[in-house]
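**Q** Let me begin by handing over the structure; questions about it come next.
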Amino acid sequence: MRLTAKLLFTAMAASGISSVAQPQATPPVAQAPAAPPTSLHSRPPVPYQFLSKAQIDQLMYRPGTTSSYVVTDHENYDIEYVKRGLITDHIENHVYWLDYVTALEGEGTLAYGGKPVDPDYSNPSEPRGTKMTGATIVSLHPGDYVVVPAGVWHIFSGTPGHTLSYVIFKQRE
């Protein structure tokens, strides 16, 4: 009998069965579903949107040599359609924003990277001026793509007798 008990105990130990009664494990308790993730943005997501070229053309307005329309304005980016005539008295610098630009129609120029002659820092995140020296000037035509890094003085302009239309994607750095 002693050998039988010893064999039984050895077999139980090998198979993971205890000779001592164990309480049964309680089944897992159902947990409430996790809360939806907290948004990383203070504004709601941008909804689906469609605007035809004709609608964008009708919406673009600003007095002077520039007309534009912001189609999407979010906290970390915006998208704007712009049409500019010849500009000879304006430069700008977006300290915290990158500009991704695609020329759509017309012809124009981008002057960038110079030093402002008369900077106005009354808006420290977007200083402006009327002139810059030492700028690089690039001709722009439909389909051309340009990235202007944050902090670079620049100006997009039409050429004499021509306008430049472009779409700009601005991204906060």
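The values are calculated or read from the model by the stated rules, or taken from the named source; none is laboratory data. Quick caveat, the model's predicted, so the values are computed rather than measured. Ideal geometry is used to build each Cβ from the backbone, glycine not excepted, and the neighbour counts take in all protein chains shown. For the accessible areas, the whole protein counts, side chains as well, though only heavy atoms, and no ligand, DNA or RNA atoms are used. Shrake-Rupley method; radii C 1.70, N 1.55, O 1.52, S 1.80 Å.
**Q** Any chance you could count how many residues in region 46-60 are polar (S, T, N, Q) and part of a loop (DSSP other than H, G, I, E, B)?
**A** Step one: of region 46-60, the residues polar (S, T, N, Q) are 49, 52, 55, 58.
Next, only the ones that are part of a loop (DSSP other than H, G, I, E, B) stay: 49, 52.
Count: 2.
**Q** If you don't mind, there's one more thing I want to ask. Which of the numbered conditions does Asp89 fail, given that it passes all the others? Conditions: (1) modelled with pLDDT of 90 or more; (2) acidic (Asp, Glu); (3) surrounded by 14 or more Cβ atoms within 10 Å (Cβ to Cβ).
**A** Only one criterion is unmet by Asp89, namely (3).
**Q** What's the number of the condition Glu80 fails, among (1) in a strand (DSSP E or B); (2) in contact with a Leu (Cβ under 8 Å, 6 or more places away or on another chain); (3) closer than 30 Å to Arg43 by Cα?
**A** Failed condition: (2).
**Q** How do the strands (runs of 3 or more DSSP E) wholly within region 102-173 filter down when requiring 2 or more residues that are of a type in the set (A, V, I, L, M) and open to solvent by 40 Å² or more (accessible area, probe 1.4 Å): which remain?
**A** On the way: elements: 108-112, 136-140, 145-148, 154-158, 164-172.
Qualifying strands (runs of 3 or more DSSP E): 136-140.
**Q** State which residue pairs qualify: first residue under 16 Å from Val82 (Cβ atoms) and inside region 137-153, second residue charged (D, E, K, R) and open to solvent by 70 Å² or more (accessible area, probe 1.4 Å) in any location, beta carbons under 6 Å apart, and separation of 6 or more residues or different chains.
**A** Pro142/Glu105
**Q** Can you say whether Leu104 is among the aliphatic types (A, V, I, L, M), at pLDDT 95 or above and touching a His at 6+ places or on another chain (Cβ under 8 Å), as far as the supplied structure shows? Before the answer, list the steps.
**A** Numbers: among the aliphatic types (A, V, I, L, M): yes; at pLDDT 95 or above: yes; touching a His at 6+ places or on another chain (Cβ under 8 Å): no.
No; evaluated as a whole, the condition is false for this residue.
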